[in-house]
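Report on the structure given below.
Where a number appears in this text, it was derived from the coordinates with a stated rule and is not lab data. Quick caveat: nothing in here was measured; it's all calculated off a predicted structure. Positions of Cβ are backbone-derived with ideal geometry, glycine not excepted, and every protein chain shown enters the neighbour counts.
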Amino acid sequence: MLLSFAGGTAYALERPDVKGQEAGSLTPVASYDFSQGNLSDSVNGYAMTLHGGASIGAFGDRNGNEALNLQNGQSDAAKNVQYAQLPSEIFGSIGNEATIDFAAKSRHADDGNYFSLAIGKDASHYLFFYLSKTSAKLAVADNGWHNEPSFKEQLDNNDGIWHDFRIIIKDDSMALLRDNKLVGIKTKTGIKLSDLGGSTTYIGKSFYQGDAYWNGAIDDLKIYKGADLVMPTGITVTGTGLVNGSLALTENDERQLTATITPENAISQEVSWASSNPSVATVDAKGKVKAVKAGTSTITATSRAGGLVSSVDVTVKPLDPETAAQDDVDALIAGIPFQATGNLPLLAKGPRHDADVTWTSSDPGRISPTDSNYQAPANGAADPYRGAGIVTRPSYGQGDSKKVSLTATAKVGNGRTVSRSVDVVVKEKPRSAPNVGYASVTFLSDADKTGGKIGEALYESATSTERNDFFSFSPINNGDPVITSKTDTTGLRDPYVLRSHDGDEYYMIATDLKVSRQGWGQNQQYGSLKIEAWKSKDMVNWTRTNAEDGSDAGIVVNSPNQGMTWAPEAFWDDALNAYVVFFSSRAYTDGSRSTAINGKKGSPYNIVRYAITRDFKTFTPAKDWQDTGYSRIDSTVFKIGSYYYRMTKNEENGAAGSYVVDGKSTFLERSKCLTCTTSSSDPDADETSTWRLLDQRLLPFEGPESIALNKDDVNQNEAGDAMVIMADSGGYQPFMTSKTDLSKTDWSHRLSQTPGWFTQKKPGKGVTGYVTDDGMPTPKRHGAFVAVPRNVLEAMHRYTTANPSHLEPVASTTQADYAPDSRKLSVTVKAEDQGDVAGTVSITQSPASRLSQFWTTDVQLDADGKATLIVPDEVSGEIRIDYQGYTDKLVKPSSTKVTGLVAKAADSGGPGPSDTHLSQTSPIEQVKAGGAGSVSPEPGLSQTGASVGVIALAALACAVLAICWLRSAGYRSASRH
């Protein structure tokens, strides 16, 4: 219940069942400081016993103090049984209130089942404390793990580092503090210490047979009878402008709220802040509220201990129309890069105030403007850009475009229009090369560590550089993750990778999810609304797509009333000229996410939603894509011809309607419209307006993926259309098929009913169905695959976190063919990886061949890496042809030479003039293989070369006339004598 009064304060009533408690007295029961190896406590003389090689040792990181040392991380498993035991009398008479103080450090990964401290009877009745390098857990049980109330929290700066801990047990409540700061608390567990039926106490040993022994150390252990566990009884929120529990703001306003916990000696003064509608008003971890757009929202402060709540109603009023329009324009312009390598997010609606926006372009042929005649299609998503922002790039080798001026003009309601411009250079298309291998990205487990490896981080593998073979993956980066997260939830799962539409770079997206922070149920209700997104040119050096905004965090793509944003994937939509990003979600009635919308089975269910983007940084508001009333997750899309194909997991335990009857398995659908919505699974659905069901139980379990095999893959079929499709069921299980077979699939001819489809076999040419997973990535869990060229494949295998690799240039060869009769020189430059070659070749007469003449020219290569020219008649001897590479430095220089050229005799028959310098700076003859910007053949010299040639011929003519005149004069003179 909320009481509000004038004066800027919101009050929450005290809970009637929780009263303030003064700190009671704590009676010492036992104390161990381990000085000089002493194992007897200094209070009652209770002796601790050591087992399995446990020892007392001095720790340099604890000022040389001695402490209990349990070294259970040794390579010899027989030595990993070290633990200590306390006399049962300590907790046998302590009652239901106890306080345990100690210093501890953990060397143990967060990898599963072990107890750092255990008190109780056996594996059914116990209280345990669990401390890993990254987390802590406190639990109590009276029926083993079947009834084990607990909490687990992530800890920063805990890897092998000493901290002071306090465990407080008061009746059926328990709490944990680290360095006097609350880690977690659990009340009303229904289990007291006296309910455990025993007081056996272990340090480092679990009650469960087969559990590991803890690897860590403990010092200054003190045990008290009594517990000072003072719970909060009230929470008050104050702030400037707060009137009667409400806050009135205008868009872009900010206000600071402050929450105060009573009583002052409550176990924690911490609160968490939340907004019921972040699209209207956001609140940060310190209580700062920011008004985003017009509407209403409720800001709540919740006490860390006890969960007391105080709320503030926020009303946001709109800006005046002109200011709102300007705000939208500024936001749109800020998202436009100065150099374009793909279509631009020239949205037709403002992102903050829904302004109507029109874009104009100084070069519509290079960057398209808003289409004033645009009409939304009858089916599928409307173009959020209304035809604007489509970029036409110069061909590779032609160079970047001149600056194109884009102007956004916006208007809100009846307000005045506002405009702003930005100049953009359109980059030429990138170099392309054949794909010779594959890259994969996957993730590892729900635990912080598994087998010594970091969990919920992104790992990459790459196929062999020796052969083009999908089933030849090996881990890169020494098997360590390529991407980890220290922001948002700090967990990364379900990664997806794709190459950009024009091929400049790769995009990676992943789920923002740390399962252990909330558990599966809470993560579907209060999960992240973000996706994590990166880009890279080489699959190993990744940067956030929003890094230019100064961010190292994910991007919100989902709506406030959605419970999760899982397994994001993306596919290019030819109709929208943009990427469609889709993800699994769960709907709630409002932004508080307290009441889920139930499906056809009467319980909360999962749906799939989508948003549109062109840069994986700016996204349109998310919309429902698949909502059949039955739970479905994990969609992936591929395209064959004009059809989009979609594999999705049926998340129901059983049937999801009349046709998809097998639960927890993957079904197949098809449509000509990527963004068309799905409301039912129907084999007779219209593929132009929705998705038609083709098959069910095509693959086992979840996380389906697909990859079309490379042309020269050793497993490629005769038709050249082989594919591998797969799903994650205890690791990826691959199935081989083909585009032809997938295209023929329908409900009456289901691919899953192909004889032998589920019979495992070796992969190979023409194989159909389930194949062995030898050579699949490590780890094999839910991820994605992409085909890559040689330079990317090699960069991946070279990469380590300590020594990051980059794309290295490939070798090239330059070949020349000279025809003496026509004096035609044909030059071809080839890259070792059979990819594109661009740039120019320099052709120069060798110094030893110049005699009295010097000739050089630069000739631009065509799209096939070729150039032709006519060698001037005066050139003889040897010429050198040099390819200097291109501006992107992706292909190495190379050269060759032609010898034995003979100058063509001049009509006069006289010798050539001395000191003549013939130079050409543009092609004599150039043949382009089509494409915009081709240069027409020029049969003669360039302008510079022609001018020099005229001068040379004139000089030659003058010299010949002079000689003739002298000879004639000399002859006449001699005849007179």
For this session: Multiply the residue separation of K486 and E466 by 0.36 nm, subtract the distance between their alpha-carbon atoms, and state the gained length in nm to one decimal.
Result: 3.5 nm
For this session: Apply the Karplus parameterisation 6.51 cos²θ - 1.76 cosθ + 1.60, with θ equal to phi minus 60°, to every residue of the range 320-333 and state each ³J(HN,Hα) to the nearest whole Hz, in sequence, with x for glycine and proline.
Result: 5, x, 5, 5, 5, 4, 5, 4, 5, 4, 4, 5, 5, 5
For this session: Using a 10 Å cut-off on Cβ atoms, rank the peptides 611-621, 521-531 from the highest mean neighbour count down.
Result: 611-621, 521-531
Problem set entry | the range 303-372, dipole about Cα centre (Lys/Arg Cβ +1, Asp/Glu Cβ -1), debye to the nearest 20 | 360 debye
Exercise. Which value at 222 nm does the chain reach when only helices count, each DSSP H run of 4 or more adding -39,500 (n - 2.57), with the total divided by all residues and rounded to the nearest 500 deg cm²/dmol?
Worked result: -2500 deg cm²/dmol
Problem set entry | Rounded to whole Hz, the Karplus (6.51, -1.76, 1.60) HN-Hα couplings of the range 281-290, x for glycine and proline | 8, 9, 9, 8, 5, 9, x, 7, 9, 10
Exercise. Using alpha-carbon pairs under 8 Å, 6+ residues apart, how would you state the relative contact order of the chain in percent?
Worked result: 7 percent
Exercise. By how many nm would the segment from D624 to A58 lengthen if fully extended, with 0.36 nm per residue of separation less the alpha-carbon distance?
Worked result: 197.7 nm
Problem set entry | Debye, to nearest 20: dipole size of the range 401-465, +1 on Lys, Arg Cβ, -1 on Asp, Glu Cβ | 680 debye
Exercise. In the range 267-338, which trypsin sites (Lys or Arg not before Pro) fall in coil by DSSP and have 13 or fewer other Cβ atoms within 10 Å?
Worked result: K286
Exercise. Which lysines does K402 reach when only Cα atoms under 16 Å apart count, and residues fewer than 8 places away in its own chain are ignored?
Worked result: K427, K429
Problem set entry | Charge sum, other residues only, whose C-beta stays under 14 Å from A816's C-beta, Lys/Arg counted +1 and Asp/Glu -1 | +3
Seminar exercise, completed: Between the modelled labels at S93 and Q815 (7 Å from Cα along Cα→Cβ) the distance in nm is 9.7 nm
Exercise. For the pair S194 and S362, how long in nm is the line joining their label points, each one 7 Å along Cα→Cβ?
Worked result: 8.5 nm
Problem set entry | Net dipole in debye of the range 152-298 [+1 Lys, Arg Cβ; -1 Asp, Glu Cβ; about Cα centre; nearest 20] | 280 debye
For this session: Between D284 and Q74, take the C-beta separation as r, use R0 = 56 Å, and let me know the FRET efficiency to the nearest 0.05.
Result: 0.80
For this session: Calculate the spin-label point distance for D400 paired with T759, positioning each point 7 Å from the Cα along the beta-carbon direction, and give it in nanometres.
Result: 5.9 nm
For this session: Name the long-range amide H neighbours of R632: under 5 Å, sequence gap of 5 or more, or other chain; modelled H, no Pro or chain starts.
Result: N606, I607, E651
Seminar exercise, completed: Residues meeting the amide H criterion for N277 (H placed from the backbone, H to H distance under 5 Å, 5 or more places apart or on another chain) are T298
Seminar exercise, completed: Filtered hits (lysines, Cα-Cα < 18 Å from K192, offset >= 8 within chain) -> K121, K137, K170, K225
For this session: Please list, in chain and number order, the residues 5+ apart from T250 or on another chain whose amide H is under 5 Å from its amide H, with Hs placed from the backbone.
Result: K317
For this session: Just subtract the alpha-carbon distance of K317 and A376 from 0.36 nm times their residue separation and send over the number in nm, one decimal.
Result: 18.1 nm
Problem set entry | Cβ-derived FRET efficiency at R0 51 Å, T543 paired with T240, nearest 0.05 | 0.85
Problem set entry | the range 860-893 versus the range 411-425: alpha-carbon centroid distance in Å | 48 Å
Problem set entry | Subset of K403/K535; K530/K639; K601/K649; K601/K623; K514/K600 violating a 21 Å alpha-carbon distance limit | K403/K535; K530/K639; K601/K623; K514/K600
For this session: Can you tell me the FRET efficiency between S419 and A575 if r is taken as the Cβ-Cβ distance and R0 is 25 Å, rounded to the nearest 0.05?
Result: 0.30
Problem set entry | Helix 515-525 vs. the chain, principal-axis angle (Cα, 0 to 90°, nearest 10) | 90 degrees
